[in-house]
Amino acid sequence: MLPTLATPKYDMIVPSTGKPVTYRPYVVKEEKILLIAMESKDNNQIETAVLDIIKRCIESDINLDNLTTFDIEYMFVTLRSKSVGEGITIHPPCEHCEATNKVKINIDKVTVSNLDKNDVDLHVKLTDDISLDLKWQTMKDRNNIVDADTETDTVIQMIANSIDTVYSGEEIMTIGNSPKQEVIDFVESLNTDQFGGIVEILSNAPSLSYDVEFNCVECKKDNSLGLSGLIDFFQ
């Protein structure tokens, strides 16, 4: 019988909760899942593969549905740094001549931007009597966006999923107890300024962040590129 290879264990801190989880690096069978997804160049397949790999490698008791999208992004990059080394190679186009370049990213220097709660105010005043508290979207919230035929429908459902509490005078309503359609109707009753203000706040959600500078291999001009979000790291 062939021997069993020992797999090291590591701890990482989940950004949104500050709590540690134990994980193992992913191995060839998980790398295969990722490579197949990357070959498809389909963002949904890549995200599905990332979630599958995290589920396989996190050994602590944790519900991925309750984690934010930036938790998933950070956890995967941390997994990748222990699994295949500190570097990821991306192939961004030159902003001047559009030639493809080869750039290596040091994963250990990737950060989560806007993670400090003081960076973004999640309390929104709609009128003198009505206000609400937002929360960052979880994977469960993201998967709860259904039958969105247009980008506007998607944004409306995203906002509905991101409302945590509504304050109306002395009444406090926890949205988790409300029917989804009722929350969507509430979002659709917002005026343009109110709607736009909420979209702007949610657009500043924490995400992976890394600044890349490189000289184009063709035109030799300087390039500056800001990577934000998991998919940017698969260019």
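Values quoted throughout were computed directly from the atomic coordinates according to the rules given, and no laboratory measurement underlies them. All values derive from a computational prediction rather than experimental measurement. Ideal geometry is used to build each Cβ from the backbone, glycine not excepted, and the neighbour counts take in all protein chains shown.
How long are the semi-axes of the equivalent ellipsoid of segment 72-140, taking √(5λ) for every eigenvalue λ of the Cα gyration tensor, in whole Å from largest down?
For segment 72-140, the ellipsoid semi-axes come out as 36, 19, 10 Å.
Return the calculated 222 nm mean residue ellipticity for the chain, to the nearest 500 deg cm²/dmol, obtained by summing -39500 (n - 2.57) across DSSP H runs with n ≥ 4 and dividing by the residue count.
-10500 deg cm²/dmol
How far is it, in nm, from the label point at residue 204 to the one at residue 10 when both lie 7 Å from their Cα along the line to the Cβ?
That separation, rounded to one decimal, is 3.2 nm.
From the residues 168, 137, 157, which one has its Cα farthest along the dipole of segment 117-202 in the positive direction, the dipole being from +1 and -1 charges on Cβ of Lys/Arg and Asp/Glu about the Cα centre?
Positive-end residue among those listed: 137.
Which value, in debye to the nearest 20, gives the size of the charge dipole of the chain about its Cα centre, when Lys and Arg are +1 and Asp and Glu are -1 at the Cβ?
Here the size comes out at about 1520 debye.
For segment 94-235, what is the number of Lys pairs with C-alpha distance below 19 angstrom, counting only pairs 8 or more positions apart or on separate chains?
9
Mind putting a number on the dipole of segment 127-235 about its Cα centre? Charges go on the C-beta only, +1 for Lys and Arg and -1 for Asp and Glu, and I need it in Debye to the nearest 20.
Numbers: 6 positive and 21 negative charges, 117 e Å.
In total the dipole reaches around 560 debye.
Mind listing the Cα extents of the chain along all three principal axes, in Å, largest one first?
Principal extents (largest minus smallest coordinate, Cα): 64, 55, 35 Å.
Nearest 10 degrees, 0 to 90: what angle lies between the long axis of helix 28-40 and the longest principal axis of the chain (Cα atoms)?
70 degrees
Have a look at 92, 6, 212 and report the one farthest towards the positive end of the charge dipole of the chain, computed about the Cα centre with Cβ charges (Lys/Arg +1, Asp/Glu -1).
About the Cα centre, the residue reaching furthest to the positive side is 6.
Could you calculate the FRET efficiency of residue 40 with residue 146 from 1/(1 + (r/R0)^6), where r is the beta carbon distance between them and R0 is 30 Å, rounded to 0.05? Spell out each step's value before the answer.
Details: r = 23 Å, r/R0 = 0.75.
My answer for the efficiency is 0.85.
Contact order normalised by length for the chain, with contacts defined as Cα pairs under 8 Å and 6 or more residues apart; what percent is it?
Relative contact order comes out at 18 percent.
Would you kindly work out the equivalent ellipsoid of segment 117-202 from its C-alpha gyration tensor and give its semi-axes, the square roots of five times the eigenvalues, largest first in whole Å?
So the three semi-axes of segment 117-202 are 19, 14, 14 Å.
Given axes a ≥ b ≥ c from the Cα gyration tensor, I'd like to know whether segment 1-119 is rounded (a/c under 1.5), prolate (a/b larger than b/c) or oblate. Please report the intermediate quantities before stating the final value.
On the way: a/c = 1.76, a/b = 1.18, b/c = 1.49.
Note, shape of segment 1-119 comes out oblate.
Strictly under 4.7 angstrom between C-beta atoms: which cysteines of the chain have no such partner?
57
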